[in-house]
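Okay, structure first, notes after.
The values are calculated or read from the model by the stated rules, or taken from the named source; none is laboratory data. As the structure is a computational prediction, the values presented were derived from the model and not from experiment. Every residue, glycine as well, gets a Cβ built from its backbone with ideal geometry; the counts of neighbours run over all protein chains shown. Each accessible area value is taken on the protein alone, full model and side chains, heavy atoms only, with ligands, DNA and RNA left out. Shrake-Rupley method; radii C 1.70, N 1.55, O 1.52, S 1.80 Å.
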Amino acid sequence: MDTKTLMEWSAKYHTPNYGRTPLVLVRGEGTRVWDSDNREYLDFTTGIAVTGLGHCHPVITGAIREAAATLLHVSNIFHNAPQVHLAKLLVEHSFADRVFFCNSGAEANEAALKVVRKYAKEHLATDRYEVIATNNSFHGRTLATVSATGQPKYHHGFEPLMPGFKHVPYNDLRAMERAMDSHTAAILVEPIQGEGGVNIPDDGYLPGLRKLCDESGALLVFDEVQTGVGRTGKLWAYEHSGVEPDVMTLAKALANGIPIGAMLCREHVASALTAGSHGSTFAGSAFVTSVALATMTTVIGDKLPDKAATRGRELVEGLREMQRRLPIIKEIRGRGLLIGVELTKAAGPVMDACRDAGLLVLTAGEKVVRLAPPLIVEPSECQRALKILGDALAAAK
Ligand SMILES: Cc1ncc(COP(=O)(O)O)c(C=O)c1O
């Protein structure tokens with residue numbers, strides 16, 4: 001089928017909720033993807049921080065083949081071995097004692113919201129149900145997670161939103177402290193805001209939130225759906241802060257593109273999820289957890305968080321050089337391979353110019369170009385990406 005017809009059918013048959021780039025991608029390998037006209041692109045989007053090991057990594061392709069030929073799905077009324085091994089590995093490499101599997105980031109956050117409510121009701125007070133989240137956050141598109149999301153543009157038309165949420169400015173401990181009261185069950189934050197513009201809080205922010213939670217009994221929930229699995233130069237972004245949460249949510253990169261989510265928590269929190277209180281049909285299938293196990297084993301075994309930290313530093317250095325000659329660059333924010341380049345103008349046209357020159361990048365909000373290459377990206381690929389981005393920014397001046 002020709003590209004034009006495919007795009008016409010896409011526009012005709014899909015619900016119109018995605019603003020799509022006019023490309024049909026057909027093949028990928030490592031950091032590169034090809035479109036239906038066989039044009040090659042450097043992929044610095046990774047499916048929005050999903051394919052951390054790059055496209056069609058041989059270990060992942062092998063794990064998919066083997067899992068598909070062994071056991072796809074059995075209900076969670078049975079045990080399955082890869083699910084157990086994955087939970088054990090996640091626990092051994094994080095703060096957590098227990099893991100609940102699901103299918104997406106929104107579902108992981110739904111699980112977190114449900115567990116903090118149940119925990120607070122049962123262990124703190126029956127009227128402690130409120131979750132305080134932050135402005136510019138992003139936590140998902142289900143009714144509860146969009147209510148938790150601190151960006152009104154995602155709320156429009158879907159009101160009334162779910163009750164039980166408050167929002168305060170990100171990186172503002174005083175505002176958080178003022179918002180907390182006898183109804184507060186939990187604080188929910190991203191350790192670095194991704195969709196909101198790659199916003200990195202001050203060093204004292206996450207430790208300050210930990211202290212507020214410890215003093216009040218509220219639970220601290222870190223949404224690491226975008227920042228987890230090595231992207232920021234540590235396996236989990238909270239490791240940069242020196243404090244640990246009570247609950248952490250994951251998805252995106254956990255199985256390198258096969259849908260999965262996970263809610264990790266401490267023992268006392270997990271005890272609220274008594275048998276039958278929560279669940280999901282597809283969650284933690286033998287298939288997806290086999291692929292996630294291969295992903296996590298590779299990320300940890302190949303020390304990819306360290307590589308992400310090194311490549312990220314090199315990219316930021318290159319961007320800072322660029323900033324000296326291009327006043328369109330207002331600010332560069334990044335940790336590991338999650339990098340935001342804030343512009344003085346709209347980022348959309350720069351993204352389009354990069355695409356036309358063979359580089360796929362993301363935006364985050366109106367004026368931020370977001371770079372999220374795979375953790376396996378090569379220095380030469382970073383240099384090529386910098387050249388294309390530099391040219392696009394120079395032309396946008
Ligand atoms: C921090 C964060 N939380 C939650 C989500 C929602 O994940 P999903 O789209 O898998 O539901 C996202 C998606 O971008 C995210 O960045």
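Somewhere in region 146-156, is a residue modelled with pLDDT under 95 and either open to solvent by less than 50 Å² (accessible area, probe 1.4 Å) or within 16 Å of the ligand (Cβ to nearest atom) (or both)? Please lay out each step first, then the result.
Taking region 146-156 first, the residues modelled with pLDDT under 95 are none.
Looking for residues that are modelled with pLDDT under 95 and either open to solvent by less than 50 Å² (accessible area, probe 1.4 Å) or within 16 Å of the ligand (Cβ to nearest atom) (or both), one finds none in region 146-156, hence no.
For region 64-88, which positions are touching a residue at least 24 places away in the same chain (Cβ under 8 Å) and in a loop (DSSP other than H, G, I, E, B)?
Thr70, Leu71, Leu72, His73, Val74, Ser75, Asn76, Asn80
Answer with yes or no whether Asn136 is within 12 Å of the ligand (Cβ to nearest atom) and closer than 25 Å to Lys88 by Cβ.
Here the answer is no, as Asn136 does not meet what is asked.
Can we say Gly52 is within 16 Å of the ligand (Cβ to nearest atom), out of contact with any Cys (no Cβ under 6 Å at 6 or more places or on another chain) and under 30 Å from Ser380 (Cα atoms)?
Numbers: within 16 Å of the ligand (Cβ to nearest atom): yes; out of contact with any Cys (no Cβ under 6 Å at 6 or more places or on another chain): yes; under 30 Å from Ser380 (Cα atoms): yes.
For Gly52, the condition - within 16 Å of the ligand (Cβ to nearest atom), out of contact with any Cys (no Cβ under 6 Å at 6 or more places or on another chain) and under 30 Å from Ser380 (Cα atoms) - is met.
Would you check if Ser75 is surrounded by 14 or more Cβ atoms within 10 Å (Cβ to Cβ), of a type outside the set (A, V, I, L, M), more than 16 Å from the ligand (Cβ to nearest atom) and at pLDDT 95 or above? Explain how you work it out, then say what you get.
Numbers: surrounded by 14 or more Cβ atoms within 10 Å (Cβ to Cβ): no; of a type outside the set (A, V, I, L, M): yes; more than 16 Å from the ligand (Cβ to nearest atom): yes; at pLDDT 95 or above: yes.
Criteria not met by Ser75.
Is it the case that Thr232 is within 13 Å of the ligand (Cβ to nearest atom), among the polar types (S, T, N, Q) and touching a residue at least 12 places away in the same chain (Cβ under 8 Å)?
Yes; evaluated as a whole, the condition is true for this residue.
Within region 99-110, is even one residue touching a Pro at 6+ places or on another chain (Cβ under 9 Å), in contact (Cβ under 8 Å) with a residue 24 or more places away in the chain, under 19 Å from Val299 (Cβ atoms) and among the aliphatic types (A, V, I, L, M)?
no
Could you tell me which numbered condition His93 fails, if it satisfies all but one of (1) without any contact (Cβ under 8 Å) to a residue 60 or more places away in the chain; (2) within 21 Å of Leu235 (Cα to Cα)?
All conditions are met except number (1).
Quick one: Ala270 ticks every box in (1) within 17 Å of Phe100 (Cβ to Cβ); (2) surrounded by fewer than 24 Cβ atoms within 10 Å (Cβ to Cβ); (3) within 14 Å of the chain's Cα centre (by Cα) bar one, so which box is it?
(3)
Restricting to region 1-14, give me the number of residues that are outside any helix (DSSP H, G or I) and open to solvent by 100 Å² or more (accessible area, probe 1.4 Å).
1
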